[in-house]
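**Student:** I'd like to ask some things about the structure below.
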Amino acid sequence: MADILPLFAASGLVAVVLASLVLWSRRSLRIKTVSVLIAALFLPASYSSLVTLLGRPKPMNIETVAIDAEEANVVAVQMQEGEAIYLWLNLPGVAEPRAYVLPWDEKTARELHEAGQEAEGNGTNVRMRMAPASVEDENDQVFYATPQQAPAPKQNASGQPNVPG
């Protein structure tokens with residue numbers, strides 16, 4: 001909710017400035033009254049639209065915050081065949097996951113499904129390469145399962161790691 005307060009304040013400021021410009025102009029009282037009413041109706045409309053936007057997934061092609069991030073953890077996926085691929089991503093440096101939508105693509109959906117199955121088998125996570133520059137080759141995957149961690153070295157009776165040789 002704190003994310004929308006600066007946006008709402010900015011839109012409210014614009015509405016007040018525009019209404020005050022009309023009030024100070026040499027227009028009829030009717031035009032001044034209508035402009036103030038429109039500005040007053042604009043404030044709740046802008047607030048409700050900003051609140052509504054918080055619950056909707058953002059299209060990846062207009063993402064500006066995650067552009068700096070090269071990779072993100074995929075928290076959840078929902079695919080609607082022929083329509084869209086919905087993703088919840090954990091971005092580095094962002095506390096809460098964010099919702100995104102990709103246009104439906106058979107190749108992307110298959111890649112995401114295979115990465116999910118591999119990650120489930122390995123007990124790891126699915127990752128997404130965010131920046132197109134991080135995918136050098138057309139055959140490189142955008143979605144992949146993180147590799148399984150190597151097990152910790154076994155220790156001998158004295159608590160020291162066993163070293164072959």
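**Student:** Quick one: would you say Met79 is within 13 Å of the chain's Cα centre (by Cα) and crowded, with 16+ Cβ neighbours inside 10 Å? Spell out the reasoning first.
**Tutor:** Working: within 13 Å of the chain's Cα centre (by Cα): no; crowded, with 16+ Cβ neighbours inside 10 Å: yes.
Considered against the rule, which asks whether it is within 13 Å of the chain's Cα centre (by Cα) and crowded, with 16+ Cβ neighbours inside 10 Å, Met79 comes out as no.
**Student:** List the pairs whose first member sits in the stretch 17-45 and is over 27 Å from Leu5 (Cα atoms), whose second member is modelled with pLDDT under 85 and of a type in the set (S, T, N, Q), and whose Cβ atoms are under 7 Å apart, counting only residues at least 6 apart or on separate chains?
**Tutor:** That search, which allows pairs on different chains as well, returns nothing.
The values are calculated or read from the model by the stated rules, or taken from the named source; none is laboratory data. Being a predicted model, the structure only gives us computed values, none of them experimental. Counting neighbours? That spans all protein chains shown, and the Cβs are built from the backbone with ideal geometry, glycine included.
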